[in-house]
Each structure stands twice: as structure tokens, then as C-alpha cells.
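Asks: Just dropping this structure here.
The values are calculated or read from the model by the stated rules, or taken from the named source; none is laboratory data. Bear in mind the structure is a predicted one, so any value in this text is a computation, not a measurement. Neighbour counts are summed over all protein chains in view; Cβ atoms, including those assigned to glycine, are modelled from backbone coordinates with ideal geometry. The protein model used for the area step is the full one, side chains on, heavy atoms only, and it has no ligands, DNA or RNA in it. Shrake-Rupley method; radii C 1.70, N 1.55, O 1.52, S 1.80 Å.
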Amino acid sequence: MNIEKISKRTKGMNPITRRLFLFRPHWFANLRLRNKLFIIFLLVSFIPCSVLIYYSYTSTRDTITEQTYASLSGTLNQINTNLENRLGYYEQLTNILYMDAQLRNYLSNDYEQAFYYIDAFRYINRTMSSMMISNSNLQGITIYIDNKTLYSDKQYIRYTEELPERVKQQALDAAGSPVYTHIEDPQTGSSYVTLARSLSYFSLSQPYGILTINIDDKEIYSLIEKENVNKSVYIIDETGRVISSGDAAMKGNQLFDLYPIQGDITLSSGKFDKRIDGQELFFTYKKLRNGWTTVITVPYDELLANTNKATKRIVWVSVTVIAVAALLIFVTAKVITKRIEGLLQQIRKVERGNFQVQRMPMGNDEIGQLSYAFQKMAARIQELINEVYVKEIAVKDSELTTLQAQINPHFLYNTLSSISSLALKEGSMQVYQMVNHLSKYYRISLNKGKRVVLLEQEIQLVKNYVSIQAIRFRGMLHMHYDLDESLFNRTVIKLILQPFIENCINHAIWSESGINIIVKLKAEGEDLLLQVIDDGQGMTRKRLEEAFNKASNQSGYGIKNVDDRIKLAYGERYGVVIFSRLGIGTNVTIRLPLNPNASELETRLNIG
């Protein structure tokens, strides 16, 4: 921000506001050295302590998290192993009934008279009762059949229509494999897990009954009861419904309603963090073979309770250390700056013109040596003022009276105009034409000191230059123009085309028939192309590289000069490309932006 802009922005402010505005950008530079040292030393103490606290907290948190995950993974594996072993035991019970051929015959026979199925019920009651007695956690065993000739005892034998449709469909879809469903009986208020399995002959698509075993919820809960300390354990089915949990209120409800984690439980096992209702929770889960999932969650507040306590202690110790360090730093800074302030007082005396500096005891360190050198310097300055300063002022006064002469462009135009008029009066038309074209050439090229011209002016400058050279070479220059005049109102930096026309004339003519030069102007996408094509003698690769490496040539503006100015004004994407073959000719392509950024172009030209 320059002084003029600052003055405009602070105009109209009251004195206090103006001083605060001017002070704000340089607040640190305007502080006393003592305060700067205090701030720097304080930061040097504060930053390492802060980094140490942060590192201690994060490393401890990561360690505890990994340890917790390892512990919870072991717990998960143990719970799932116990649960699958328990469910596997009940699946073995179903296998006994599934493979019982006598039971299958009793359930499949047609009974014409009542006394025929007495043996069937006697066998069924004996088999089922022995299973119920040996497994106290079974709430019931029931076979649902479609055989209406066998009466239902409403305990072990029931008809298929009495089975809930959801359980029936799952069992039929499983085609002989066991399926599990959590059932809540609203009449008794009890809940249990139902293991259902279709019974068939030899074709799984034609079952003769559906076997159900009701397992008490308490047996499932007993497998996770000891693990509900400082954490929550949930066993859920495929839909997210809670089968067993330490939270009795969640039993039978949707876990995903409490914790929206359905999208996070997609793999067979895993862990993740989740912030729910402002509380960060740690989750780990693992799926069972039957489709159930065991989920364990632990709040990070409980997980990191000890870590937070340790971090608080570290913070208090660090604050105490920083406070003591700040006091010591303040005293040290005051001792250091006291001698500097004394030296500053002597410097201000010299600033006011008093070179009689008193010697002060400063010691032999850097500040003491600086004070000693300053005293010697002040004495030497006093001597130089007496011996040299007066004489130098006299010399400078005489030099300032001499001004550097400058060429006035108007003087050049007026002089050329006078020569043109004189040539016309004397009847020398060639001189008149050359001077007239030369005047137009310089009027465009000087352009009142501006660096940017219209394309129409750049083309006209070339034409004026060619007109001058045409008089010199007498019929050897054959110019052809292929110009898109709709682009004449575009602006370019000046003197980018004429140097290549000059090179063609000075270096490419190699026969008395002269040379053909084509000047093209066209647009190509977002770019503007200027081309100079000649059928002159061309250049070798070595000569072309030499021309590109020279900043200037005999014409004043070399190829590299033009290329550098274009890249400086428009960027590295633009510039000059030359293709030349010895004995064939040369093709120069100048690539410029079609719509350059005016403000950016002005900035680059001012820097250049």
C-alpha cells in the first residue's frame, strides 16, 4: 500500500483512529525491543510446551484406543464363539428330530380312526418331554404340520396356519437350514429366540412340517452379562433389531434408531468412531454365521477419562513453567535492553548534530563493542565534516546547475516535415516520399512514449517501413498482405513485426529478382497469430540458434529481444516460433493472446 492510498483511506478519520490505523500494519515493528524479546522468548517457551501436551494427549489416546480395540476384539470373539457354540448345541437338537424316521412316519401318516394315533402321541410326548427336561432354558418345542388327520395337542403338535407367517416363510426359504427369529409374546410379556427348521422327506421343496424351538432370552443374555461393564453390548439381527442387551429397554427395538450406524456396519467385522448427539463413541462389531451381529460401543469420555486427567496435570505444570519462564525472560530482556537504550540516547544526540559522545561503561560483549565503534565513528564524522563537507557542498552546487539535454519528439517531427517540404519544392519526389514515410514511421514507433499500439498502427508502421525500403531496393520487394481487418482494433506491444521484415530485407535477399514477403494476420481460438513468410535464402539450424540467442542484431531489435518482450508482457505460452530451410525460405509465427488482460499487461510492462 503506497502513501497516496493510505492518505485516501485515512482521510476524514479523527487523529486517534488515524494513528491506530497507521500503527496496525506495523504493530510488531513498532514495539520496543524489550517487548519484542519478551514476546519471542514467550513463544519459544509456549510453543514447545503446547506441542508436548498435544503429542502426549494424541499418543496416549491412540495407544489407549488400540489397546481398547484389541481388548474389545477379544471380547467380541469370545462372545461370538460362546453364542455360536450355544446355538450350535440347539441346532444339534433339531438334527435329532430332523433325522428321526419314526417321528417322520407318525407325522406323515393318515389316521382314519382316533385310536390309530395314540402311539404317535405317546412317542411324540416322550421324545419332546425328555428334551425339555434335559434343557431347562427351552421354553417350548413345537412341530407345525399340514396333516389334518393328526390332532393338535396345542403344545407339541400344531397346525401350520398357527405359525406366524414371517417365521414360516423364513423356514421354507432356508430349505432345511435353521433360521432364527426373536419373538415377543404380548399376552405373557415374555420374549424368546425361536429356532425354526423345515422337516422334509428326501425333497427339501416338500416339507412335512416345520420344527420350532423357543430359547429363553436369559440364556442369550447370560453370554454377554459379564461384559456390560463400562461398555454396552448389543446382539442384533439382520434388520438391526436388538435380540439381547444389557439395556432392557432396548430389547426388541431398533438399534439403528438409537445409533444411526447402519451404513457403517457393512463388513464381517470392523471398528469406527461416530459422534452422536454431541457425544463421540467408539464402535466395534462382528457378525455371526447365522446373520446376527454383536456390537460393542464405548463412550470416548469413559475411554479417555484417565488420559484427560493426566493431560490436565500436564497443562497445569506447563502453565506454571511458562509463568516462571516469562518472569525470568522479562528480567533478562530488561537487563539486555538497558544498555541498548543508553546507546540509543547517544545515537539521538548525534542525530541532532551533537557529535560529542560521552564514553559509557558497556562491557566487552557485542553491545560494548558496538558502543565503542559508534564513539569512534562519531569522532571520525566530526573530522570529515570539518575537512570535507564544506568543499563537497560547493562542488554539488555547481553540478546541480548543469541539466541533461533531452530530444523533443516534436522537434524531430518538425525537422522531417521541413525536409519533406524542401524536397517537394526542389522536385525530388523520392526524397519527399522517403522523408514522409520516415516521419510516419517514427510518429507511430514513438507513439508519445506508449508501449502498446493498435494492430492497425503496427501494420501501418510496417507498410511505412517497407515503403522506405522499396525506394532503396527499386522493385526487389514484393509484399503481399493477408490480413483479417476485424482484428485491427486489438492492441499489441509495438515493434514486434517490423524487425522480422527488416531481417528479410537485410539478410534473405539472394537474387536480383528480389524477395516475396507475405504478412498474415488471423485469429486461432483464443490466440492471435502474426506471420511473416519469405522465399529468401533461409537459414541453417546453427545460424537460427545464434539469432535466437542474441539479444540484439544489426537492426537494433533482435529476434530474442522481441521474443523476450512478448513473454514478459503476455506470459511464457506466447512468443516467436521460426521455421527456416536453407534455399527455401523462412516462416516466422508470432503468437499473442486475442484478449489480453489490460491491467496485468500494464503491470508487467511497468515492471519490465
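Asks: I need the helices (runs of 4 or more DSSP H) fully contained in region 253-353, keeping only those with at least 2 residues that are aliphatic (A, V, I, L, M) and open to solvent by 30 Å² or more (accessible area, probe 1.4 Å).
Replies: Those helices (runs of 4 or more DSSP H) span 305-351.
Asks: On to the next question. Can you run down the residue pairs with Cβ atoms below 8 Å, 6 or more apart or on separate chains, where the first is in region 582-598 and farther than 23 Å from Leu454 by Cα and the partner is open to solvent by less than 40 Å² (accessible area, probe 1.4 Å) and among the hydroxyl-bearing types (Ser, Thr, Tyr)?
Replies: Hits for this filter: Thr586/Ser580; Asn587/Ser580.
Asks: Can you find a residue in region 242-250 that is touching a Lys or Arg at 6+ places or on another chain (Cβ under 6 Å) and modelled with pLDDT of 85 or more?
Replies: Yes: one or more hits.
Asks: Okay, moving on. Among (1) in a helix (DSSP H, G or I); (2) free of Cβ contacts under 8 Å to residues at least 60 places away in the same chain; (3) surrounded by 15 or more Cβ atoms within 10 Å (Cβ to Cβ), where does Thr81 come up short?
Replies: (3)
Asks: Take the residues in region 544-589 that are among the basic types (Lys, Arg) and either at pLDDT below 80 or open to solvent by less than 80 Å² (accessible area, probe 1.4 Å) (or both); name whichever of them is farthest from the chain's Cα centre (by Cα).
Replies: Ranking the qualifying residues of region 544-589, first place goes to Lys550.
Asks: Looking only at region 139-170, how many residues end up being within 53 Å of the chain's Cα centre (by Cα) and open to solvent by less than 30 Å² (accessible area, probe 1.4 Å)?
Replies: Count: 1.
Asks: While we're here: For Ser244, state whether it is outside any loop (DSSP other than H, G, I, E, B) and touching a Gly at 6+ places or on another chain (Cβ under 8 Å).
Replies: Criteria not met by Ser244.
Asks: Residues of region 493-533 being outside any helix (DSSP H, G or I) and farther than 20 Å from Leu483 by Cβ, which ones?
Replies: Ile509, Trp510, Ser511, Glu512, Ser513, Gly514
Asks: A follow-up question, please. Can you tell which of Glu280, Glu238 is farther than 25 Å from Gln170 by Cα and of a type in the set (Asp, Glu)?
Replies: Glu280
Asks: Consider Arg472 against the criteria (1) exposed (fewer than 15 other Cβ atoms within 10 Å of the Cβ); (2) farther than 14 Å from Gln531 by Cβ; (3) modelled with pLDDT of 85 or more: it satisfies all of them except one. Which criterion is unmet?
Replies: (3)
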